[in-house]
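For reference, the structure discussed in these notes is given below.
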Amino acid sequence: MSLVGLVLELVIVVVTMLVTATLVIVGPRRFMASLSGFRRRIEVCTLPLAALAVVLALRWSTVDPFMRLERRVLGTNITPLLFELEFGEQALLPVNPIVLLQSIQSPEVTSFFIFVYVYGYAFLLLFPFIAYFALEDSEDLRTLLLAFTANYGIGLICYALFIAYGPRNVDPTIIEGVLYDAFPQSGLLTHRVNQNTNVFPSLHTSLSMTVFFVAWLTRAKYPLWLPISGVLAISVALSTMYLGIHWFSDVVAGTILAAVSVYIGRTYTVDGILESTRQYLDRRYDRLRRTGGE
């Protein structure tokens, strides 16, 4: 299958899932009512949307310089440390979760985890934008946008500081690269949007768990979305290990990152962060000016 065919299939499947979820969870009446206030909702979320757009633009437009910065200047290879934590003599767990998951390997289980990793993940990230946009109050949409921004921003810093290769790249005799063995076409897509050292933390896990945590906070508004997002988020996290893409440590770090990001999204606002940053820089500038004057 070509890249175009793969993207077309992804779009068809995910759009079908989004339409179904919108009709069942949001409801056609609430969704149609939200369209009448489209401009107001967008204006309220302008700053969070802009912040997310900036972080994504940095993520996708600076791949080559970022890789050089990571590998030649800042990055520290922590792959041996991750391997030691999970498979060394002093391993944290008696049975490694990746080995345990791959021990139940079957065509049916593999198909499920591939579907969740590729299609379910895309749906999980996109549907909350529709669901929270449909609400009269835009607070939850702003929370989601800022939480996603924090995920990507902190994740980029971690990727610059820590070079880590996934378990399938370290020892194929212990961990199988199930994704590319069973679904080699996926490489056409994943290699264009990611690199093999973007491992610690797992953004698949952090973004998925972010959706689940926000679903928990908004469970009174969308009670059906909570169990659906929970099952999908946990399945995505498990799929990254089953498919040999991430270490268990990456998944734990991704879950912590999700919790931190949701806290940031729930507690702060973009204009509040900008104002605090401006005040801090002003104080630093005044202090330097006084020191220089002395």
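The values are calculated or read from the model by the stated rules, or taken from the named source; none is laboratory data. Everything quoted here is computed from the prediction, not taken from an experiment. Ideal geometry is used to build each Cβ from the backbone, glycine not excepted, and the neighbour counts take in all protein chains shown.
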I want to confirm something. Restricting to region 135-162 and keeping residues that are aliphatic (A, V, I, L, M) and surrounded by fewer than 19 Cβ atoms within 10 Å (Cβ to Cβ), which single residue is modelled with the lowest pLDDT? A160
Which one of these does L100 not meet: (1) surrounded by fewer than 16 Cβ atoms within 10 Å (Cβ to Cβ); (2) assigned to a loop (DSSP other than H, G, I, E, B)? (2)
Under 6 Å by Cβ, and 6 or more places apart or on different chains, what pairs join a residue from region 75-101 that is under 18 Å from C158 (Cβ atoms) with one that is exposed (fewer than 13 other Cβ atoms within 10 Å of the Cβ)? L85/L92
If you go through R30, R71, the only one that is charged (D, E, K, R), at pLDDT 85 or above and either over 20 Å from the mean Cα position of the chain (by Cα) or over 30 Å from L226 (Cβ atoms) (or both) is R30
Taking region 78-134 as the search range and keeping residues that are at pLDDT below 90 and of a type in the set (D, E, K, R), which one is farthest from the chain's Cα centre (by Cα)? E89
Residues (surrounded by 24 or more Cβ atoms within 10 Å (Cβ to Cβ) and touching a Phe, Trp or Tyr at 6+ places or on another chain (Cβ under 7 Å)) located in region 228-239: S229, A233, V236, S239
Kindly list, by first and then second residue, each pair from a residue in region 112-130 that is among the hydrophobic types (A, V, I, L, M, F, W, C) to a residue that is buried (at least 17 other Cβ atoms within 10 Å of the Cβ) and not in a helix (DSSP H, G or I), limited to pairs with Cβ atoms under 9 Å and residues at least 6 apart or on different chains. F113/L243; I114/F183; I114/L243; V118/F183
So, first residue of a type in the set (F, W, Y) in region 162-188, second residue at pLDDT below 80 and part of a helix (DSSP H, G or I), Cβ within less than 6 Å, six or more apart or across chains; the pairs are Y180/G187
Among the residues that make up region 43-50, is at least one of them assigned to a helix (DSSP H, G or I), at pLDDT below 80 and under 24 Å from P223 (Cβ atoms)? no
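Can you pull out the residues in region 25-37 that are assigned to a helix (DSSP H, G or I) and either surrounded by 12 or more Cβ atoms within 10 Å (Cβ to Cβ) or touching a Ser or Thr at 6+ places or on another chain (Cβ under 6 Å) (or both)?
Here is the first cut: in region 25-37, the residues assigned to a helix (DSSP H, G or I) are 25-26, 28-36.
Result: I25, V26, R30, F31, A33, S34.
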